[in-house]
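One structure is given here, and the rest of the page talks about it.
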Amino acid sequence: MKTKILIVEDDKIVSFEIQSILNQNGFDSTICESYNCCIKNLDTFKPELILLDIDLSKKYEGIQIGSYLNSKSKIPFIYITGYTDTETLKRIQTTKPVAYLSKPFREIDVIGNIELALYNKKASFDDIGNYEVEEASIYSKPIKRALEYIDTNINQEIKTDELIRVSGWSKFHFIREFGKEVGKTPYQYVLDEKMKLASSKLKNTYQTIKEIAFDIGYTSNSSFTNAFVKHSGISPSSFRKKYCR
């Protein structure tokens, strides 16, 4: 059975271009042009992934859809945008897309990001049963809440103070217990998870380094590059040259 992908785009040229790419790569797709049409198709078409333009008939209507999907649905979505300014990128991060594609896009970028998003979705579903059993036995509930918060918000800046709040413990007790149960400090764990995601994107997609940086919650290319070098001992561009498929 073909994977179903919903295209939410009101520019007919762009939407048909995307649909042509998806059809040629074995996906089943349909096109929507508005908020209401998209919400209706969640039940009728039942997509497994959504490609979502930021601007539809109304400015930032796509972000409103993204907010709805983030709060009401577990369907992953990828933004398609002509905007690359910091303000817009910060705004879309709060809705937790799995990635974003800048216009004009290339077929290889579209398919690479789709494959990565679908792979991550399948992996999370395959592991969920074992995860729940293992987490219940390995981690205390406050630590489990913090880890779930990290996983859900990995594409945003994650502060230790917020993890402490989520856990319900005092700062000293949380940091001590987190290190004891997880084997890392909260900061190191968050950094490791972000760098894992960045490494996967560098190897499996043709997103620019700037796009990857914003995808995982960095507000500038330089801050991401510095973090990646500190973590991996190599720059993102050098990593891509070494490991790119």
Kindly report, to the nearest 10 Å², the accessible surface of Glu193 as traced by a 1.4 Å probe over protein heavy atoms only. 50
Residues meeting the amide H criterion for Ile5 (H placed from the backbone, H to H distance under 5 Å, 5 or more places apart or on another chain) are Asp28, Ser29, Thr30, Glu48
How far is the Cα center of the range 86-104 from the Cα center of the range 167-245, in Å? 18
Cβ-placed point charges (K, R +1; D, E -1), dipole of the range 40-80 about Cα centre in debye, nearest 20: 140
If you average 1/r over every pair of different alpha-carbon atoms in the range 150-245 and take one over that average, what Kirkwood value in Å do you get? 14.2
Determine the share of the range 153-245's accessible area contributed by carbon and sulfur atoms, expressed in whole percent, with a 1.4 angstrom probe. 53
Radius of gyration, Dmax [the range 190-245; alpha carbons; angstrom]: 9.8, 27
With +1 at each Lys and Arg Cβ and -1 at each Asp and Glu Cβ, the charge dipole magnitude of the chain around its Cα centre, to the nearest 20 debye, comes out at 640
Rounded, prolate or oblate: pick one for the range 1-89, where a ≥ b ≥ c are the square roots of the eigenvalues of its C-alpha gyration tensor, a/c under 1.5 means rounded, and failing that, prolate if a/b is larger than b/c, else oblate. oblate
With every protein chain kept in place and a 1.4 Å probe, the chain has an accessible area per residue in Å² of 52
Please give the FRET efficiency for Ser237 paired with Gln156, using the beta carbon to beta carbon distance and R0 = 35 Å, rounded to the nearest 0.05. 0.90
Could you work out what % of the accessible surface of the range 4-133 is carbon and sulfur, using a 1.4 angstrom probe and leaving DNA, RNA and ligands out of the count? 51
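The values are calculated or read from the model by the stated rules, or taken from the named source; none is laboratory data. This structure is a prediction, so every number in the text was calculated from the model and none was measured. Glycine gets a Cβ as well: all are built from the backbone with ideal geometry, and neighbour counts include every protein chain shown. The area values use the complete protein model at the heavy-atom level, side chains included, leaving out ligands, DNA and RNA. Shrake-Rupley method; radii C 1.70, N 1.55, O 1.52, S 1.80 Å.
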